[in-house]
Amino acid sequence: MGEKQLMKGNEAIAEAAIRAGMTCYFGYPITPQNEIPAYMAKHLPKRGGTFIQAESEIAAINMVYGAACTGARAMTSSSSPGISLKQEGISYLVGARLPAVIVNIARGGPGLGNIAPSQADYFQAVKGGGHGDYHMVVYTPETVQEAADLTMKAFDVADEYRNPVLILGDAILGQMMEPLIFKEPSGRKFDKSSWILGNRKGRKSHLINSLSLSEGVVEQWNWELKKKFDLMAGKETMVEEYMTEDADVIFVAYGTSARICRSVVNQARKQGIRTGLIRPITVWPFPSETIAGRAKKTKHFFVVEMSLGQMIEDVRLAVLGNATIHFHGRPGGGVPAEPDIMKQLKEILQS
Amino acid sequence: MKKVYERNNIAFDMPSPYCPGCGHGVIHRLVIDAIKENRQEDNTIFMAPVGCSILSYTYLDLDVCQPAHGRTPAAATGIKRALPDSLVILYQGDGDLAAIGTAEIIHAANRGENITAIFVNNAIYGMTGGQMAPTTLVGQTATTCPYGRNPKDGQGYPIRVCELLQSLGGVTYAARTSVHSAPNVLKTKKAIQTGIENQMAKKGFSIIEILSACPVNWGMTPEKANQFVANEMIDYYPLGDFKKDGKIIQRSDH
Ligand SMILES: Cc1ncc(C[n+]2csc(CCOP(=O)(O)OP(=O)(O)O)c2C)c(N)n1
Ligand code: SF4
Ligand SMILES: [Mg+2]
């Protein structure tokens, strides 16, 4: 175990990535994630890696595409408007079956929006912001510690499935300082020799590509991708349940919203209100089964998001009419306030 | 009898995937000959663009990376930074390089990425069926400038890529050649060799712009198309070196 350090979420993500063996980072400045490229610029070259400040987010994600072709662990980070620009590249990464880690420290939108925290990129992240039938594992850390842990895990999961992985945070996670202890990276080794480019001696040529104009080939690729997505859905779902066992109302929230709801749960419990929290740690795959299981007993689900309501659609599908769903949302960089949530919670209980 | 010419086995034993009279086939041959002569077959990563020459991946027995339209210089950057000793060949058409991928090529060149860019200027979008390219000549027709390209009508001017890139500090070599005649094919071969030598000597970014016919979308026979290159294209796109060993070559021919 390492020693305790005090770090911003952005820096913790950057450091965790380097410890996980990431050697190629490419990014473009945008607030509130600027600490990530700055950290990489300062530390990565000294530790044997490459940092490039790209000319755009489009270029950055395509540099990731290139580096990933060689088997290197590659990463890019940005915030909402820049993540929109990366969607083309993400679709190509999936199509070409390349591993990569992408970090979105999300801010208010649509458009240029603001630099305040937001969860309005949920649809983009989990429903496929780019074109084509695809999914990627999306991690939503709640704390700086978890951001570091999930960043390390993201590289393993990306390599295991040869698929991009997204870490979805927001301006609060990126900017807040918290103590953390860096865990040892898993040390798992992935044999990439059957597909990577370069140093061809003694083997056949390799091709990294997402196009085929021959009939049926792309359909076949899609069926193979589906097998992979099904496997990911079965194995990679992560969820935390907090005091849900006897709850009359269960919050469903992730990331910063979950942090706020956890605090509301604690306060409510002190007042004798039985409430709990289901916190998706992956929002794709979505922990539908956990929610569906609880919906058999608990009558009220209370979704809290920093958006007009996006994850609520997945909660609704999981609950499937077995419970009533309530919502509290703050769009455009607004942060839900505990008293407002508490008030609404009490109204739900009186209804 | 001494054999003076034979198949280059970097090309798979199949018919060229390109139309009769297309410059891509000739240019592929020159590139793979240079790769072979420099014994770089096992060390090359060929960047297939989006355009007709995307089909290079079906034709060339090399490690091939195929990124999104215009993004090849960025992807090549990622590859070259991860594998600095590999030989990275960037191969792009005019739509790919000078329209959708303008930012990527300028910045890869400006960073002095140690790669060799082969830029095939056929003044048209071949793959999508003959639309106006950034390099389409004034007056030349295309499906999206059916009355002839007219800059006064808001269609812009043909972009001279070598002239544009020669000012960038990261560029060590920029040359324009053509493949419309045998002597010019030989000059193109030499220019490609220079570009590859530069990369092997880690001198930075080299670009060889090659004027090339697209008979099909120009609506010409292969012979007429080569005449069009000789008579019309070279007039606007003068051949020769624009930068060598990092030194700008001043020209007064346009
Ligand atoms: C994002 C995107 N936009 C448009 C296209 C369609 N497209 C394919 S090739 C091409 C033009 C290629 O022209 P050029 O680069 O000149 O190559 P050529 O075929 O002439 O060799 C276009 C527009 C695409 N594949 N991707
Ligand atoms: S359409 Fe033009 S560029 Fe494409 S293969 Fe045919 S001749 Fe060549
Ligand atoms: Mg063209």
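The values are calculated or read from the model by the stated rules, or taken from the named source; none is laboratory data. Because the structure is a prediction, the values reported are computed rather than measured. Glycine also receives a Cβ, built like all others from the backbone with ideal geometry; neighbour counts cover every protein chain displayed. Quick note on the areas: whole protein, heavy atoms, side chains included, nothing else; ligands and nucleic acids left out. Shrake-Rupley method; radii C 1.70, N 1.55, O 1.52, S 1.80 Å.
Overview of values
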{"quantity": "Candidates B:Leu186, B:Leu30, B:Leu97, ranked by Gaussian network fluctuation over chain B, Cα under 10 Å, top entry", "calculated": "B:Leu186"}
{"quantity": "Calculated Rg and Dmax of chain A using C-alpha coordinates, Å", "calculated": "20.5, 73"}
{"quantity": "Burial of 40 Å² or greater, segment B:67-86 residues [accessible area, probe 1.4 Å, versus chain by itself]", "calculated": "B:Ala68, B:Arg71, B:Ala74, B:Gly78, B:Arg81, B:Ala82, B:Leu83"}
{"quantity": "For segment A:242-350, accessible area per residue (1.4 Å probe, heavy atoms of protein chains only), Å²", "calculated": "41 Å²"}
{"quantity": "Cβ-based charge dipole, the protein assembly as shown, positive-most Cα from A:Leu317, B:Thr44, A:Ala106", "calculated": "B:Thr44"}
{"quantity": "A:Glu289-A:Ser194 pseudo-label distance in nm [points 7 Å out on the Cα-to-Cβ vector]", "calculated": "2.7 nm"}
{"quantity": "Accessible area that becomes buried as B packs against A, both chains, 1.4 Å probe, Å², nearest 100", "calculated": "2500 Å²"}
{"quantity": "Accessible carbon and sulfur surface of the protein assembly as shown relative to its total accessible area, %, 1.4 Å", "calculated": "54 percent"}
{"quantity": "Cα-based shape type of segment B:1-69, given that a ≥ b ≥ c are square roots of the gyration tensor eigenvalues and the cut on a/c is 1.5", "calculated": "oblate"}
{"quantity": "Exposure of A:Asp314 as accessible area (Å², to 10), given a probe of 1.4 Å and all protein chains", "calculated": "20 Å²"}
{"quantity": "Cross-link pairs beyond the 20 Å C-alpha cut-off, checked among A:Lys8/A:Lys183; A:Lys201/B:Lys189; A:Lys153/A:Lys183", "calculated": "A:Lys201/B:Lys189"}
{"quantity": "Segment A:Leu308-A:His43, length gained on full extension (0.36 nm per residue, minus Cα span)", "calculated": "91.5 nm"}
{"quantity": "Rg(Cα)/(2.2 N^0.38 Å) for segment B:168-228, N = residue count", "calculated": "1.36"}
{"quantity": "Angle in degrees between helix A:57-69 and the longest Cα principal axis of chain A, rounded to the nearest 10", "calculated": "60 degrees"}
{"quantity": "Anisotropy class of segment B:83-126 from Cα gyration tensor, a/c 1.5 cut", "calculated": "oblate"}
{"quantity": "Beta bridge orientation in the protein assembly as shown: antiparallel %, DSSP, nearest 5", "calculated": "25 percent"}
{"quantity": "Residue-averaged [θ]222 nm for chain A, counting only DSSP H segments that reach four residues, each worth -39500 (n - 2.57)", "calculated": "-12500 deg cm²/dmol"}
{"quantity": "Distance in nm between pseudo-label sites at B:Asn110 and A:Gln271 (7 Å out along the Cβ direction from Cα)", "calculated": "5.7 nm"}
{"quantity": "Excluding exposed DSSP-loop trypsin sites (Lys or Arg not before Pro) (at most 13 other C-beta within 10 Å), longest clean stretch of chain A", "calculated": "A:5-126"}
{"quantity": "18 Å cut-off, amide nitrogen to a point 7 angstrom out along A:Phe123 Cα→Cβ, residues in segment A:21-45", "calculated": "none"}
{"quantity": "Where labels lie 7 Å past Cα in the beta-carbon direction, separation of A:Val335 and A:Asn34 in nm", "calculated": "1.9 nm"}
{"quantity": "Globularity index of the protein assembly as shown, i.e. its alpha-carbon radius of gyration over 2.2 N^0.38 Å", "calculated": "1.09"}
{"quantity": "Karplus 3J(HN,Hα) series, Hz, for segment A:161-170 with 6.51 cos²θ - 1.76 cosθ + 1.60 (x for Gly, Pro)", "calculated": "9, 6, 8, x, 10, 10, 9, 10, x, 8"}
{"quantity": "Long-range HN-HN contacts of B:Gly93 with modeled amide H, under 5 Å", "calculated": "B:Val120"}
{"quantity": "Reachable aspartates and glutamates, given that their alpha-carbon falls under 19 Å from the alpha-carbon of B:Lys244 and they are not under 8 places away in the same chain", "calculated": "B:Glu113, B:Glu163, B:Glu197, B:Glu209, B:Asp253"}
{"quantity": "Segment A:94-121 and segment A:184-211: distance between their alpha carbon centers, rounded to Å", "calculated": "28 Å"}
{"quantity": "Rounded Å value of the spacing that divides the Cα centres of segment A:227-261 and segment B:46-76", "calculated": "42 Å"}
{"quantity": "Residue-normalised accessible area of chain B, given per residue in Å² at a 1.4 Å probe", "calculated": "40 Å²"}
{"quantity": "16 Å Cα-Cα reach of A:Lys86 towards lysines, excluding residues that sit fewer than 8 places from it in its own chain", "calculated": "A:Lys127"}
{"quantity": "Reachable aspartates and glutamates from A:Lys189, criterion Cα separation under 12 angstrom, eight or more residues apart if same chain", "calculated": "A:Asp156, A:Asp159, A:Glu160"}
{"quantity": "Of A:Ser257, A:Ser288, A:Ser307, the one that fluctuates the most in a GNM where chain A has Cα springs shorter than 10 Å", "calculated": "A:Ser288"}
{"quantity": "Rounded, prolate or oblate (a/c below 1.5 giving rounded, otherwise prolate when a/b exceeds b/c) for segment A:239-350 by Cα gyration tensor", "calculated": "rounded"}
{"quantity": "Fluctuation leader among B:Arg71, B:Arg176, B:Arg81 - chain B, Gaussian network, Cα springs under 10 angstrom", "calculated": "B:Arg81"}
{"quantity": "Between segment A:302-351 and segment B:164-195, the Cα center-to-center distance that results, in Å", "calculated": "63 Å"}
{"quantity": "Å² per residue, accessible surface of segment A:113-187 at 1.4 Å", "calculated": "31 Å²"}
{"quantity": "Sites B:Ile100 and A:Ser212, calculated FRET efficiency, Cβ-Cβ separation with R0 25 Å, nearest 0.05", "calculated": "0.70"}
{"quantity": "Selection from B:Met132, B:Thr144, B:Thr116 lying farthest towards where the dipole of segment B:89-195 points positive, charges on Cβ", "calculated": "B:Thr116"}
{"quantity": "Segment A:239-350: Lys pairs at Cα distance under 22 angstrom, eight or more positions apart or on different chains", "calculated": "7"}
{"quantity": "Karplus 3J(HN,Hα) series, Hz, for segment A:328-333 with 6.51 cos²θ - 1.76 cosθ + 1.60 (x for Gly, Pro)", "calculated": "10, x, 10, x, x, x"}
{"quantity": "Helix-only [θ]222 nm of chain B, DSSP H runs n ≥ 4, -39500 (n - 2.57) each, per residue, nearest 500", "calculated": "-8500 deg cm²/dmol"}
